[in-house]
Every structure is written in C-alpha cells, then in structure tokens.
Amino acid sequence: MPQYTSALIVGAGSGLSASLARLFAQEGMQVALAARAAAKLGKLVQETGARAYACDATQRPDVDALFAALDSEHTTPDVVVYNASYRTRGPLIGLDPTEVERSIAVSAFGGFLVAQAAARRMLKEGRGAILFTGASASVKGYAQSAPFAMGKFALRGLAQSMARELGPGGVHVAHVVIDGGIRSARRIDSADRPDSLLDPDAIARTYLHLLSQPRSAWSWEIEVRPWVESF
C-alpha cells in the first residue's frame, strides 16, 4: 500500500469532507482543510488536529497562496481531494448567467487550479494522489440542472485527461461518482428504506481504498450508490 503522509481537502465542510478528514487523521496523515469560510471548520479542526485555511478555489491567487503556505510549513500534500461544488437550478431559459458561471467555476475551474498546483509538486516527487468528488450529474444531465451537469461533466473530463497524463509520472488521479443522496443530520433515511442514503463515512472508506491501490491496478473512476438506488 502506498504510504501517504499529508492530505489537503479543498471545499471542506461538515459532510463527506469531514468524514474524509477524520479517516485520514486516523490513518496517521497530517490533514489540511481549505474552504472559503475557514472559521466554520473550528470543531473539525479540534477533532482531527487539522489546519484550516481560507481559500476561494476559483481564484488563482488564493490557490497559489494556499500551496505556498503548505510548502513553507513543510506539509506539501501528497494527497489532494477536490470536494468543492456549487449548484444552481431552474428552467434553462430563466437561468441567471452569473450563477451559471459561478457553478462552472466552482465545480470545474477550481478543480483545475487546485489540481494544477498539486500536480506541479507531485510530479517533481514522482508520487501522489489527486481525487475528485463527482456526482450523479457527472454522467447524467438532469432537467433544470444544466449548470451543475456542465460543471461536473467538465470535472470528470479533467480527471480522465489527468489520469492518462499523470499516471506515468507516478501520480494517481481518480474521480468518484457519488450516485445518490448523502446522509446527514438534516437528511436521514426513511424508516421503511434503511440505508437508502449514502453514509459519508462509508464513502470515505472508498477514497481510502483508492489510495491503497498498487500502481499496477489503479482505478481512474469508481461509482458508489445505495443498494436501493436505480441507475
């Protein structure tokens, strides 16, 4: 199993990214969390011993400053997870172009900026892993959800292209399609359909599995969905 020591989670919050932070910390990794509102990560920081950084992933200066800070602290990550996304809904003809632009910027362009900064460092070392969080919208464009599909389709294309380009350089790139709703305090399973929502801790184990893969059998994409989900 590859030995990773430092993880950066971009787009950190209270859901999947929190599960990832807890699991990575349990595995002995130093964890860094990045979010636009880093102050909201205080509880997770205390729980995991992580460091939190303010960063708008759609802004190149923010991303450059984030990685420069990690470099200066000698905690340049060998695992980077891009977990940020932004969704706006509505009939196509009524969509606000500014909101559409924001959706694409957060879901895809931010992923590019973060991945580019990470890849520059990982390729020099000849090792590392970059993981992207996808969604049902990565492979299925739903009605009245064009902006989210546009961003997630683009992120998936980025991941596939990067996997082909960076794999020979020792960098494992993977895209996780989360096909279903994620369980949370505000979103719970119905009594008559247990385990109908994805457990974020279980999803995190899938990310860890990707990190455990030997390079002779790397996956570039994996899907996870509840057992009752149709597809």
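The numbers here are math on the coordinates, done by the rules we state, and not lab data. What you are looking at is a predicted structure, and each value in this text was computed from that prediction instead of being measured. Cβ sites come from the backbone with ideal geometry, for glycine too, and all protein chains shown count toward neighbours.
Helices assigned as whole DSSP H runs in the chain whose Cα atoms extend at least 24 Å along their own long axis and whose mean Kyte-Doolittle hydropathy is 0.0 or higher are found at 146-166. Please list, or write none, the lysines whose alpha carbon is within less than 26 Å of the alpha carbon of LYS140, excluding same-chain residues fewer than 8 places away. Within the straight-line limit of under 26 Å, LYS140 reaches these lysines: LYS152.
Listed by chain and number, the aspartates and glutamates whose alpha-carbon sits under 20 Å from that of LYS124, ignoring those within fewer than 8 places in the same chain, are ASP64, ASP71, GLU73, ASP78, GLU165. One Cα centroid belongs to the stretch 140-187, the other to the stretch 11-26; the line between them spans 18 Å. By other beta-carbon atoms within 10 Å, ranking PHE112, PHE24 with the fewest at the front produces PHE112, PHE24.
Rg and Dmax of the stretch 122-231, both derived from C-alpha coordinates alone, stand at 15.6, 52 Å.
With neighbours defined as other Cβ atoms within 10 Å of a residue's Cβ, the residues HIS74, HIS172, HIS209 order from fewest to most as HIS74, HIS209, HIS172. The Cα atoms of the chain define a convex hull whose projected area, averaged across directions, is 13.0 nm². Note: relative contact order over the chain, using C-alpha pairs below 8 Å and six or more positions apart, is 19 percent.
Can you give the direction-averaged projected area of the convex hull of the alpha-carbon atoms in the stretch 43-145, in nm²? Don't skip to the answer; put the middle values down first.
Working: hull surface 33.1 nm².
Value for the stretch 43-145: 8.3 nm².
In what sequence do ILE222, ILE104 fall when counting other Cβ within 10 Å, fewest first? Don't skip to the end; give the middle numbers.
Working: ILE222 16, ILE104 21.
The fewest-first ordering by Cβ neighbours comes to ILE222, ILE104.
Could you tell me what percent of the DSSP beta bridges with both partners in the chain are antiparallel, to the nearest 5? Here the share of antiparallel DSSP bridges comes out near 5 percent.
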